[in-house]
1. Provide the percentage of antiparallel DSSP beta bridges, counting only those with both residues in the chain; round to the nearest 5.
2. Modelling each spin label as a point 7 Å along the Cα-to-Cβ direction, I'd like the Asn238/Trp31 distance in nm, to one decimal.
3. Go through Phe167, Ser235, Leu42 and say which Cα lies farthest out towards the positive end of the charge dipole of the range 26-289; charges sit on Cβ, +1 for Lys and Arg, -1 for Asp and Glu.
4. 7 Å from Cα along Cα→Cβ at both Leu24 and Phe296: what's the point-to-point distance in nm?
5. Hey, if you put +1 on the Cβ of every Lys and Arg and -1 on every Asp and Glu Cβ in the chain, which of Phe218, Val52, Ala67 ends up farthest toward the positive end of that dipole?
6. With only Lys, Arg, Asp and Glu charged, each at its Cβ (+1 for the first two, -1 for the last two), find how big the charge dipole of the range 26-289 is about the Cα centre; round to the nearest 20 debye.
7. How much FRET efficiency would the formula 1/(1 + (r/R0)^6) give for Asn253 and Leu100, where r is the Cβ-Cβ distance and R0 is 30 Å, rounded to 0.05?
8. Residue farthest toward the positive end of the dipole of the chain, with Cβ of Lys/Arg at +1 and Asp/Glu at -1: which of Trp269, His90, Tyr180?
Amino acid sequence: MAQAQTKTKHVRIEEEDESLISALPTREGWWEPFFLLQGFWLSPSITKSVMVLRDQFHPRHNDISLATYPKCGTTWLKALAFAITNGSDHPVTGYCHPLLSHNPHDLMPKLERPFQHLTRTLTLGRVVHLCREPKDVLCVRMVPHQEGAPRLVHRVDRAFEFFCEGFSFYGPIWEHYLGYWKQSKMEGEKGLFLNYDEMIAEPTRHVKMLAEFLRVPFTDEESRGAVEEVVRLCSFQNLKSLPVNSQGVSKRNGLENSSFFRTGKVGDWTNHMTVEMAQKLDCIIEEKLRGSGLTF
Ligand code: A3P
């Protein structure tokens with residue numbers, strides 16, 4: 001009986017969601033039409049996921065969400081968070097550490113929601129957000145991840161224009177950043193806002209900061225070696241070299257596992273963008289972030 005009632009409720013929610021989705025603004029241009037949900041452009045399947053999560057996901061007080069705009073270093077952040085929070089069950093120096101045999105995405109569950117869709121989680125739980133220089137984020141979308149691999153988009157000029165207009169997957173990127181940035185400024189204990197370039201420059205300091213935020217700080221004694229071990233285990237070079245990350249196709253999304261590990265470099269945009277493109281995007285980002293205190 002209870003099961004039948006639940007099923008009926010789910011069908012009702014699905015029907016309501018379908019009619020809500022069909023009323024959303026849409027725009028064509030990417031591989032399929034995107035929907036504009038609460039200010040963000042989402043693919044049809046992600047729009048549906050957001051609706052389902054909104055209806056059915058009930059966050060707990062001690063939940064921690066990792067939030068990233070795609071291509072900002074999600075894979076890295078997941079690996080670090082896993083290594084840090086599971087340090088007692090899986091010592092980072094162990095030969096059988098799960099990160100040696102699993103892609104980081106397979107070790108951390110994924111929810112599909114930009115900030116504005118996360119309000120319930122934010123009231124209760126905490127969020128780590130990782131941002132990245134927007135030109136590098138866009139660059140990942142414009143170039144193949146390895147020689148011979150197809151581009152993520154076929155028309156570089158269109159991808160650039162769309163990105164500048166805010167019409168990108170989960171975009172506008174600046175709205176994505178600003179939501180988490182403001183929250184981390186207003187409620188520091190609930191939001192940790194990290195920057196990819198700064199993490200690359202000082203990984204040890206950031207791993208310690210992340211561990212403190214995740215409430216599993218390294219002791220003074222551990223700090224001597226364990227932090228460096230986490231940094232090494234989760235480093236781009238190490239993860240990229242593992243067969244689990246360099247071969248095969250992900251069962252989750254059909255993407256090549258290697259597509260999550262391209263160059264891992266800061267400033268690769270200089271190799272793929274003209275000066276004019278860079279200046280245009282810089283101006284847009286500066287204008288959109290003006291007054292927030294967030295700069296790139
Ligand atoms: P590049 O394409 O510039 O190399 P996401 O995980 O959000 O899809 O982001 C992918 C970007 O993060 C890629 O950037 C990828 O190479 C980089 N990356 C993946 N693992 C990393 C790691 N362990 N350390 C640093 N960067 C990493």
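1. Values: 6 of 16 bridges.
In the chain, DSSP labels about 40 percent of beta bridges as antiparallel.
2. Each label point is offset 7 Å from its Cα along the Cβ direction, giving 3.2 nm.
3. Leu42
4. The two pseudo-label positions are separated by 2.3 nm.
5. My answer, from the dipole projection, is Val52.
6. Values: 31 positive and 31 negative charges, 123 e Å.
The calculated dipole for the range 26-289 is roughly 600 debye.
7. Working: r = 22 Å, r/R0 = 0.73.
Result of the calculation: an efficiency of 0.85.
8. His90
The values are calculated or read from the model by the stated rules, or taken from the named source; none is laboratory data. Computed from a predicted structure; not experimentally measured. Counting neighbours? That spans all protein chains shown, and the Cβs are built from the backbone with ideal geometry, glycine included. Side chains are part of the model used for accessible areas, which takes the heavy atoms of the whole protein and leaves out ligands, DNA and RNA. Shrake-Rupley method; radii C 1.70, N 1.55, O 1.52, S 1.80 Å.
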